[in-house]
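Since the structure comes first, as structure tokens, the remarks are kept for the end.
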Amino acid sequence: MGALAIKNVTKRFGDTHILKGIDIHIDAGQFLILVGPSGCGKSTLMNIIAGLEAPTSGEVQIGERVVNDVAPKDRDIAMVFQSYALYPTMNVRQNIAFGMETRGVPRKEQEETITRVSKMLQIDHLLDRKPGQLSGGQRQRVAMGRALARNPTLFLFDEPLSNLDAKLRVEMRTEIKQLHHRLKTTIVYVTHDQIEAMTLGDRIAVMKDGVIQQFGSPEEIYERPANLFVAGFIGSPSMNFIDCHLAEQGGDVGISLQSEGGVRFVPLLDGRRFADRLGQKVILGVRPEQIEVAEEGEPALECKVHLTEPTGPDTMIFTQINGKEVIARVHPRAAGRPGDSMRLKLDVRKVVLFDPQTEARLN
Amino acid sequence: MHDQNKLWRIALYGVLLYAAVYYLLPLYVMVTTSVKSMDEIRAGNLIALPMSITFDAWTKAWATACTGVDCNGLSGYFWNSVKMVIPAVLISTSLGALNGYVLSKWRFKGSELTFALILFGVFIPFQVVLLPMAQTLGWFGLARSVAGLIFVHVVFGIASTTLFFRNYYVGIPDELIKAARLDGAGFWRIFFKVVLPMSTPIVMVVLIWQFTQIWNDFLFGVVFSSGDSQPITVGLNNLANTSTSVKEYNVDMAAAIIAALPTIVVYVLAGKYFVRGLTAGAVKG
Amino acid sequence: MTQFNGPAQYGFAERWLPRLVLAPSFLLTLVFVYGFIAWNGYLSFTASRLLPNYEWVGLAQYETLFANERAWVAVKNLFIFGGLFIGGGMAMGILLAVFLDQKIRGEGVLRTLYLYPMALSFIVTGTAWKWMLNPGLGLEKLVHDWGFTSFTFDWLVNPDMSIYTVVIAGIWQSSGFVMALFLAGLRGIDDSIIKAAQIDGASLPRIYWRIVLPALRPVFFSTLMILAHIAIKSFDLVMALTGGGPGFSSDVPATFMYASAFTRGQMGVGAASAMMMLATVAAIVVPYLYSELRGSRNA
């Protein structure tokens, strides 16, 4: 069953186009992530789904119903805001109850809901406090409690973790994921943090300049990024982009890479597909973990280590290929020291190629 | 170095205390003069402490001093001001709160222009509306009445009360309004249940600001009222400028204190809000 | 702008309530501010004297106004009063604010004392200063009692000096206000800037002169604007202190307008002078408002 459908939605103020034809469909129970840099239109899109802003054109469908002319309160949604938006003059209990009071829910039922929700989120000991007396994490829970009390068909999260410190953010991320598993409700979640996007989402829409750059599962987005922007935005450290030319050698189509140890031809898988582009410039995209330490006797690039960044489980090696700085993620024991030379190879099954003009993926 | 620093501190405090005396002196002179007899005033000097304290000047200023033809003191004027200031303050503050709420949280096409139009009203010299207003009040039968004064103060108070509330409400996060809308609350419920409970500081600021402005107004009072509808400032001015044969400075000072007392009391009790009102908007840097 | 940047609105109530709530104030402003300005402008082109008379006389009232010696005295007085009032109030207010900013014990009390005159009516201030400045029993007598019998201080009754008494009382009333504005501005300045300057070895006066006060430029301009505005509108203080006298030696535009329109039966001249006041205020305020509104839109 479709839970949310956004059909060709646009939004503009005067000459500023904020959203340029957005299409998204998700099924009930899915966790949709809208991710992108600030100003990409993701929050506007969220507000349009909630009904807090009106689209310039296009259609929003929640469940089986077109909701363009339905007021936010009648859309059967609940929202958790970036600033939490707790009513400062009401205590936690009143904050959670406010929506139910407005809708005329019987008092007894209100009490039950408050008890259930506050137990679930472990805020039952905070019910008589005002938001000003709560820590950031507690406020976050209250905001979620207020949304849960609504028991909606669609949850909207607008960058809910961005005001928390790093440790709490990771904890709350896990809790939100657990909550989703438990409640099986549909969630739309806006974030600018690609790690949140990857860890939480079933479906990810990567946005930039009011356009969805790619819409797919986390794996698709990570393994087969649609273009340079998506490839660079998702993943940390970022994907390495290396300028190179397509060449032919011994019947194989591949690229030549130059490192401190000399030039080396690397044949591509399915290289013949690019036979018509021979001699042309392409951008090779290779993630840090796709650069590996070569075994003894394997063909490899001799690379000089410029700098190392140990992170604990892995060590980042900074070197240079085709005149560009490149990062490789290797096991700490295999890592050389600055000044050392290392023998590295690319995982050619996973590398991607981009057209330098259109920035779209080629393979 | 240390001595120089100490000298500097002494000079600093010296200047500040000297300034305090400068600001306080008129108040001191007013109070002491008001409890002296005219004989003592003539015999002594401006800053001498009173030798004997008498409240005759106060009773005279309140009940029997001449303010032109009548000699009933300031009491009538005082109550006129009270009758004028309470409704005028309440109405202009309420309108300002609602306007500010709409202009910050329920903007619509044209609301910014409306705000700019209203805002300009803060700055106009009121001389430019005196003549048409006098005529209009006459047509509505409000000329020379307390009701007319209330109306004038409400109309020309809207600009500043709206500005105060709008600037304050702009600072309330829009997300709060969005959350309330998702919770099913409408225009009025959001105002009364969410926004108004958060408005205590600005309500205090505006109430005090309007009270001070309207109580202290002289221009509208002297132009739009006469006889038994005149406010206290007009009464005081009449009293102090009535050309009787002998000038009774003790009565003048008692009258001035009576006219100043309500705003002084407010200043002492809620000075924090008074200062906040004065500096609001002016300090952005 | 084809699209409006604001919340989406649903149903009759949400669409119309905000407009409905704003409507009374909008209409009142439209009629009683803009309508009346137009009406007053119209009056200034008519032959109105004691009563409105809508016979069109063109610029005749303005000619009368500009030919009137008393009007020019009022303009001259406005410049004297405005200049000294703004300059004196500014200097005194900034000095007190900077001094109060030196971690002074009892700062709260001092601040309260400096600012209380602002709570008073100008009529009260005028009445009080009128008593203190009167040549018979006031300051002059005090100084005589101290032994300086040749001292004379008759500004209040001296046509050449009477406007300066208004300056004295005006500064007394308003300098505390300037102090409050600048003190609030000073408190808004990032401490680390001052600390950085101290580490660079700058002396305290130098820090204030080169770093702190330049950072308060916006406060300076707002204050200037407000004081100029008070000066142009000032009416009560003159009425209470000198009544525009002796003669009309301490008249200012506001008292001139009042006298013409309401006591001397020259309504047309009064209307014309009110228009001139409006033009003066607008010349100061409109550029200020323009920059303020533009600034807030960018913020």
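Could you list A:25, B:153 in order of exposure, starting from the residue whose Cβ has the fewest other Cβ atoms within 10 Å?
Numbers: A:25 15, B:153 25.
By the 10 Å Cβ count, ascending, the order reads A:25, B:153.
Model label sites at residue C:80 and residue A:304, defined 7 Å from Cα along the beta-carbon direction, differ in position by 8.4 nm. Taking label positions 7 Å along the Cα-Cβ direction at both residue A:59 and residue B:246, the computed distance is 9.5 nm, reported to one decimal. A dipole drawn for the protein assembly as shown from +1 and -1 charges on Cβ atoms has a positive end, and of B:74, A:166, A:197 the residue lying farthest that way is B:74.
Restricting to chain A, what percent of DSSP beta bridges are antiparallel, rounded to 5?
Details: 60 of 78 bridges.
Antiparallel bridges make up about 75 percent of those DSSP assigns within chain A.
Two numbers describe the Cα atoms of the protein assembly as shown: Rg and Dmax, which are 37.1, 125 Å.
Regarding segment C:183-286, what's the average projected area of the Cα-atom convex hull, expressed in nm²? Display every interim value, and only then the final one.
Details: hull surface 37.5 nm².
For segment C:183-286, averaging the hull's shadow over all directions gives 9.4 nm².
Specify whether the C-alpha gyration tensor of segment C:61-193 places it in the rounded, prolate or oblate class, a ≥ b ≥ c being the square roots of the eigenvalues: rounded for a/c under 1.5, otherwise prolate if a/b is larger than b/c and oblate if not.
Working: a/c = 2.68, a/b = 1.37, b/c = 1.96.
It comes out oblate by the Cα gyration axes.
Sequentially through segment B:145-158, phi angles give Karplus couplings (6.51, -1.76, 1.60; θ = phi - 60°) of 10, 5, 4, x, 4, 4, 4, 4, 5, 5, 4, 8, x, 3 Hz, Gly and Pro residues having no value and appearing as x.
Report the rotationally averaged projected area of segment B:41-99 based on its alpha-carbon convex hull, in square nanometres.
Working: hull surface 28.8 nm².
If you wrap the Cα atoms of segment B:41-99 in a convex hull and average its projections, you get 7.2 nm².
Which of rounded, prolate, oblate describes segment B:26-66, given a ≥ b ≥ c as roots of the alpha-carbon gyration tensor eigenvalues and a/c under 1.5 marking rounded, otherwise prolate only if a/b is larger than b/c? List each step's numbers first, then the result.
Working: a/c = 2.09, a/b = 1.62, b/c = 1.29.
Since a/c reaches 1.5 and a/b is larger than b/c, the shape of segment B:26-66 is classed as prolate.
Per-residue Cβ neighbour counts within 10 Å put C:79, C:26 in the sequence C:79, C:26, beginning with the fewest.
The simple Förster model, with R0 at 60 Å and r as the Cβ-Cβ distance, assigns residue A:280 and residue C:30 a FRET efficiency of 0.35. Considered as an equivalent ellipsoid built on the Cα gyration tensor, segment C:6-68 has semi-axes of 43, 11, 8 Å, the largest given first.
Under 1.5 on a/c is rounded, so check that first for chain C, then, if it is not, pick prolate when a/b is larger than b/c and oblate when it is not; a ≥ b ≥ c are the square roots of the alpha carbon gyration tensor eigenvalues. All intermediate terms of the calculation are to be shown ahead of the outcome.
Numbers: a/c = 2.23, a/b = 1.03, b/c = 2.17.
Here chain C falls in the oblate category.
Taking a straight Cα-Cα cut-off under 25 Å and skipping sequence neighbours fewer than 8 places away in the same chain, the lysines within cross-link reach of residue B:83 are B:60. For a 4.7 Å threshold on C-beta separation, the list of partnerless cysteines in the protein assembly as shown reads A:40, A:244, A:303.
3J(HN,Hα) along segment A:207-220: 10, 7, 6, x, 10, 7, 6, 7, 10, x, 6, x, 4, 4 Hz, from the Karplus curve 6.51 cos²θ - 1.76 cosθ + 1.60 with θ = phi - 60°, whole Hz, x for Gly and Pro. Across B:97, B:43, B:57, mean-square fluctuation computed from a Gaussian network of chain B (C-alpha pairs under 10 Å connected) peaks at B:43. Working note: Cα atoms of chain B, range along each principal axis, descending, whole Å: 75, 73, 32. If only the Cβ of Lys and Arg carry +1 and only the Cβ of Asp and Glu carry -1, the dipole of segment C:62-298 around its Cα centre is close to 560 debye. Annotation: aspartates and glutamates with alpha-carbon distance below 19 angstrom to residue A:177 (same-chain offsets under eight excluded): A:27, A:158, A:159, A:165, A:193, A:196, A:202, A:219. Dipole orientation for segment B:109-241: of the candidates B:165, B:155, B:214, B:165 has the Cα lying most toward the positive pole (charges on Cβ; Lys, Arg +1; Asp, Glu -1).
What percentage of all Cα-Cα pairs in chain A are separated by more than 25 Å?
Values: 40611 of 65703 pairs.
Looking at chain A, the distances longer than 25 Å represent 62 percent of pairs.
As a calculated quantity, the FRET efficiency between residue C:91 and residue B:24 at R0 = 30 Å, using C-beta atoms, amounts to about 0.90.
With the cut-off at 22 Å, report for segment A:240-354 the share of all Cα pairs above it, as a whole percent.
On the way: 1940 of 6555 pairs.
More than 22 Å apart: 30 percent of the Cα pairs in segment A:240-354.
Think of chain B as a dipole: +1 on every Lys or Arg Cβ, -1 on every Asp or Glu Cβ, centred on the Cα centre; then among B:22, B:239, B:8, B:8 lies furthest on the positive end. With neighbour counts taken as other beta-carbon atoms within 10 Å, the residues A:191, A:174 rank, fewest first, as A:174, A:191.
Within the straight-line cut-off of under 21 Å between alpha carbons, the lysines reachable from residue C:141 are B:36, B:247, C:130, sequence neighbours fewer than 8 places apart in one chain being disregarded.
Each Lys and Arg contributes +1 and each Asp and Glu -1, all at the Cβ; summed about the Cα centre of the protein assembly as shown, the dipole is approximately 1020 debye. In the structure shown, do any of A:130/C:103; A:281/A:345; A:167/B:105; A:42/A:184; A:73/B:109 have a Cα-Cα gap over 25 Å, and if so which? Beyond 25 Å between Cα atoms: A:130/C:103; A:167/B:105.
With the simple model of a label 7 Å out from the Cα in the direction of the Cβ, residue A:107 to residue C:203 spans 7.3 nm. Under the convention that each Lys and Arg Cβ holds +1 and each Asp and Glu Cβ holds -1, the size of the dipole of segment B:75-279 around its Cα centre is about 600 debye.
Each reported figure results from applying straightforward, stated rules to the coordinates on display, with no laboratory input. Small disclaimer: the values here were computed from a predicted structure and weren't measured. In this analysis, Cβ positions are derived from the backbone assuming ideal geometry, glycine residues included, and neighbour counts consider all displayed protein chains.
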